[in-house]
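Here the structure comes first, spelled out in structure tokens, and everything after it is commentary.
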Amino acid sequence: MTGKAMTFLIVDDFDSMRQVTATLLRSLGAASILMASNGAEALRLLRAQPVDVILSDWNMPVMTGLELLKAVRADQRLHHLPFLMITAETSRQQIQEAIACGVSELLIKPYTAALLAERLKRALTHKARKITPAPASAATQIAPPPTAKKSERATILIVDDTPDNLHLLANLFKTEYRVQVAINGEQALGFCQSDSPPDLVLLDIMMPGMDGFEVAKRMRSHPNSENIPVIFVTAMTDDVARLQGLELGAMDFVTKPVNPDVLKPRVRNFLRYVELHKQLQADYDAMLETAHLREDVEQITRHDLKAPLAGIIGLVQTLADGSMSSAQLTQLRLVEDTALQTINMINLSSELYKIETGRFQLNAQPVQIGELLQRIIEVFRNMFAVKQLTLVVEPGPKAANQAIPQVLGDAMLCYSLFHNLLKNACEAAPENTRIWIAIDEGNPLSIRIQNQGVVPVEIRERFFEKYVTLGKPDGTGLGTYSAKLLTEAQHGRINLEVVDSKNQTTITVSLPRFMGD
């Protein structure tokens, strides 16, 4: 499954768990295995030498598994790596956060070598699917949502050297569970350390050769059996035997002769926990698969919608540079603005999600910021005509024949950024007032948007936070939040200044200047 050429990085703060995972990987064919005791150490290894797959525990000192995941997904050289998160204790909210941060697969402890192999295969498959561009017909290729598997009956292993006891216990449980029997410790370990171990072991203590205590001890030293619940079924009743069994991880003691009315409820209670554990893994798998489907849809959105829209915009801009009447030019600009607004909505639904989760990769290009602002202004002049606002772009003190400097960023993100800010300014500005947009030279290049009307005191400190809004019945509180994220994704800064004495609000966006001229 693994391939000997692949290098695996195991991250866990417990050396014993690192060794257990390494043993499982070697049993699957892995030859090259690296280990780290926390996320920070793992990150240093990842940046120093090639790694193909990361297997990380969640709860660790110095840097947790989730923090490591975020760092990996934010690193351009590492973000493609399959990341398998292993955990024993977590909540649905934490799982959702891990999924949002780009985890490839989730594995809940305890697990077997077969389950580890399955999750690694899925992680590697998802990696390939994630970085492969979606074809034009990808909309027809999305797999259906995962369907719940029919729950299999739990398996009980009964271990006893007395045939009558085996027969009694097997008949007691065979109608409700799958039953396996073993007449000695060696057979029991064969079942427990296989790739399909039982869910619960009813274990006799007094057996010839290997007794029940030795069986339990060896079970706890093997990754496939270390977490299997054990109930000792024995004629021994002294406290010393009970204490020894508890130290070996026994969940309960049942004395012989067995009382079915006592044993059956105990078994049912323990297997209910086992079923809950299986259901937890299934629930997390479904959550992850849903996230993968969402990524597929977003990929289709990017390739099947944004690319044609960008083509339309390019064609319109080419036509606008030709010879045509003023009316024709106006109609072309309307087409361009409609396409740009559609891309703006796509950016806010897909690009922001990647920015929030640290997976956005900027491909910076020169952006004619003056022309872009003029196009947005024309849209809002028409949209807010009833308010009779005056919108003016002032490039600052420059000679008439000098070009306005360019920023180094993403044209579509810049459009979304300034579209949101100017829309807010137009909504907030009183009628018959002026909205002033100034482009200030320097590196970074600063764009100041100033309008009459002040941001309410109640939300000034949280102005750029998510869902913060006041006094807008239809407001979502995402406009300024998205503007902040879009600015920072282009390595810029955004700032709010309110002057109550002048009834004036100014937002300044600073973006890197293109120095290629």
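Every read-out reported here was derived from the displayed coordinates using simple, explicitly stated rules and does not represent laboratory data. Computed from a predicted model, the values in this text were never measured in an experiment. All Cβ positions, even for glycine, are placed from backbone atoms using ideal geometry, and neighbour counts span all protein chains on display.
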Span per principal axis, largest first, for the Cα atoms of region 7-132 (Å): 31, 31, 26
Straight-distance crosslink candidates among aspartates and glutamates, where the alpha carbon sits under 19 Å from Lys387 and sequence neighbours closer than 8 are dropped: Glu378, Glu427, Glu431, Asp474
For peptides 449-461, 74-86, sequence by mean Cβ density within 10 Å, most packed first: 74-86, 449-461
Förster radius 41 Å - calculated FRET efficiency between Ala31 and Met206, Cβ distance, rounded to 0.05: 0.40
DSSP beta bridge pairing in region 7-132, given as percent antiparallel to the nearest 5: 0
Charge context of Val258, other residues only, Cβ under 13 angstrom, K/R +1, D/E -1: -2
Mean Cβ neighbour count within 10 Å, used as a protection proxy, ranking 255-261, 25-31 highest first: 25-31, 255-261
Gain upon complete extension [Asn503, Gln279; 0.36 nm per residue less C-alpha separation]: 74.8 nm
Order by protection proxy (mean Cβ within 10 Å, highest first), peptides 91-101, 208-218: 208-218, 91-101
Alpha carbon convex hull of region 208-255, projected area averaged over orientations, nm²: 3.3
Stretch gain in nm, segment Asn443-Glu488, where the contour uses 0.36 nm per residue and the Cα spacing is subtracted: 14.6 nm
Whichever aspartates and glutamates have a C-alpha closer than 12 Å to that of Lys466, once near sequence neighbours (fewer than 8 apart) are set aside: Glu356
Added length on full extension, which subtracts the Cα-Cα distance from 0.36 nm per residue, Thr23 to Lys264: 83.2 nm
